[in-house]
Amino acid sequence: MGEAAALSRAEALRLRPPEWKHACHALLYAPCPGRLFGKIPLRFAVLMQMRFDGRLGFHGGFVDPRDTSLEEGLNRELLEELGPGVASLLVTENDCLSCHASERPQRVVEHFYVKQLRLEELQAIEDRATQAKDHGLEVMGLVRVPLYTLRDGTGGLPAFLSNTFIGNAREQLIYVLDTLQLVPKDQLQKAVAVAQKRL
Ligand code: AMP
Ligand code: MN
């Protein structure tokens with residue numbers, strides 16, 4: 001993946017199809033009070049998906065801003081990939097966190113959205129995800145991101161970050177974990193450093 005340049009929404013929308021394709025993806029998360037093995041705090045449930053290509057990514061896809069608004073396209077993609085549990089969910093322009101343009105491997109403008117849900121809402125999505133049109137096709141399954149690091153220093157978030165991600169999904173995930181303080185800064189930095197050595 002080539003270098004991705006950050007853009008404002010106005011700048012991003014000036015990059016027109018068909019020369020530029022636009023993709024919208026969303027990170028959905030909820031506060032999660034549980035503890036793993038009764039002791040390790042889970043803190044938040046952050047959703048990602050195992051894609052058809054064996055890489056991890058966020059839910060969403062290509063949107064043609066000539067046909068629909070970016071968000072209309074994104075909400076349609078979310079319904080296809082996550083199923084009827086997202087029927088009452090509406091991701092809006094206000095949920096947009098960043099726009100990035102990259103020229104390689106193809107010219108894509110990536111619009112990235114973040115939305116906080118209640119845990120019950122997130123669980124309702126998980127419960128019905130196998131009913132999604134794309135389940136078993138473009139989407140091989142939902143995953144929650146482990147936000148903790150186990151005592152061996154690798155298990156949990158560092159091992160998760162050592163997976164292969166689509167596009168800039170790994171950077172998007174780390175950025176959100178940092179800026180929304182879903183993982184304490186020192187723990188996140190350590191996890192990223194451990195993962196870097198394993199890649
Ligand atoms: P999709 O239809 O979901 O495969 O998305 C269209 C394209 O967006 C992908 O083929 C990737 O090249 C690109 N993309 C960029 N960032 C991401 C991301 N965070 N998650 C998923 N796809 C991404
Ligand atoms: Mn997709």
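The values are calculated or read from the model by the stated rules, or taken from the named source; none is laboratory data. On a predicted model such as this, the values are computed, not experimentally measured, just so you know. Ideal geometry is used to build each Cβ from the backbone, glycine not excepted, and the neighbour counts take in all protein chains shown. Surface accessibility is based on the protein's heavy atoms, side chains included, excluding ligands, DNA and RNA. Shrake-Rupley method; radii C 1.70, N 1.55, O 1.52, S 1.80 Å.
Summary of computed values
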quantity: Single match in Glu72, Glu110 (criterion: on the phi < 0 side of the Ramachandran plot and in contact (Cβ under 8 Å) with a residue 40 or more places away in the chain); calculated: Glu110
quantity: Where a residue in region 1-24 is more than 23 Å from Arg170 (Cβ to Cβ) and its partner, wherever it lies, is within 16 Å of ligand 2 (Cβ to nearest atom) and assigned to a loop (DSSP other than H, G, I, E, B), with Cβ under 7 Å and at least six apart; calculated: Pro17/Asp64
quantity: Positions within region 11-50 being within 16 Å of ligand 2 (Cβ to nearest atom) and open to solvent by less than 40 Å² (accessible area, probe 1.4 Å), in sequence order; calculated: His22, Ala23, Cys24, His25, Ala26, Leu27, Leu28, Leu47, Met48, Gln49
quantity: Every residue from region 1-24 that is more than 20 Å from Gly61 (Cβ to Cβ) and part of a strand (DSSP E or B); calculated: Ala5, Ala6
quantity: Entirely in region 56-154, the strands (runs of 3 or more DSSP E) that have 3 or more residues that are among the aliphatic types (A, V, I, L, M) and surrounded by 15 or more Cβ atoms within 10 Å (Cβ to Cβ); calculated: 108-116, 139-144
quantity: Single condition Ser98 does not satisfy, out of (1) without any contact (Cβ under 8 Å) to a residue 40 or more places away in the chain; (2) among the hydroxyl-bearing types (Ser, Thr, Tyr); (3) over 19 Å from Glu72 (Cβ atoms); calculated: (1)
quantity: Exclusive hit being at pLDDT 95 or above and closer than 30 Å to Arg14 by Cα, set Val139, Val192, Val145, Val108; calculated: Val108
quantity: Unmet criterion (only one of (1) acidic (Asp, Glu); (2) more than 14 Å from ligand 2 (Cβ to nearest atom); (3) touching a residue at least 60 places away in the same chain (Cβ under 8 Å)) for Asp53; calculated: (2)
quantity: Qualifying residue in region 159-172 (condition: of a type outside the set (S, T, N, Q), open to solvent by 40 Å² or more (accessible area, probe 1.4 Å) and in a helix (DSSP H, G or I)); calculated: yes
